[in-house]
Amino acid sequence: MLANEDFSEYTTKVILAKRDILSQMVGFKNSKGDVADCYKKIVLDKLWQLSRVVGEHYLRCLSAIAEVEDDVLDPNTPSPNRYQIIEMEKLLEETNLSDSPSVELESEPSLQSQPSLS
């Protein structure tokens, strides 16, 4: 099972992320135009980071539960939580989660596609 330190570390990360998001929301609500758009992207990025922390903790908890299930269940009986972990790991391998979805990359037009001035 997970140690108490794992839970306290997780709780600390969530509390700090929540405070950070709330402070950014104050800036978002008190701004307009481009500044508000910047705050919006920052808030979305912070929310994405928080969801990743929650997801990682969920997987660690699920792994701890699956370990106990493996000890208790018949070796020929597949653990439902172990199956769920395997499926989630496959999904994580298929998608690149290193980039935040809130960041939009704008491509610059190539010189070839621009009309000539002559």
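Descriptive notes on the structure:
- Selection of helices (runs of 4 or more DSSP H) fully inside the range 1-109 by the criterion of at least 3 residues being of a type in the set (A, V, I, L, M), at pLDDT 90 or above and at negative phi returns 4-29, 33-72.
- Output for the range 1-42, where each listed residue is of a type in the set (Val, Ile, Thr) and surrounded by 12 or more Cβ atoms within 10 Å (Cβ to Cβ): Val14, Ile21, Val35, Ile42
- Pick from the range 63-87, criterion loosely packed, with under 15 Cβ neighbours inside 10 Å and within 20 Å of the chain's Cα centre (by Cα), ranking: nearest to Leu2 (Cα to Cα): Ser63
The values are calculated or read from the model by the stated rules, or taken from the named source; none is laboratory data. Since this is a predicted model, take the numbers as computed values, not measurements. Heads up, the Cβs are rebuilt from the backbone with ideal geometry, glycines too, and the neighbour counts pull from every protein chain shown.
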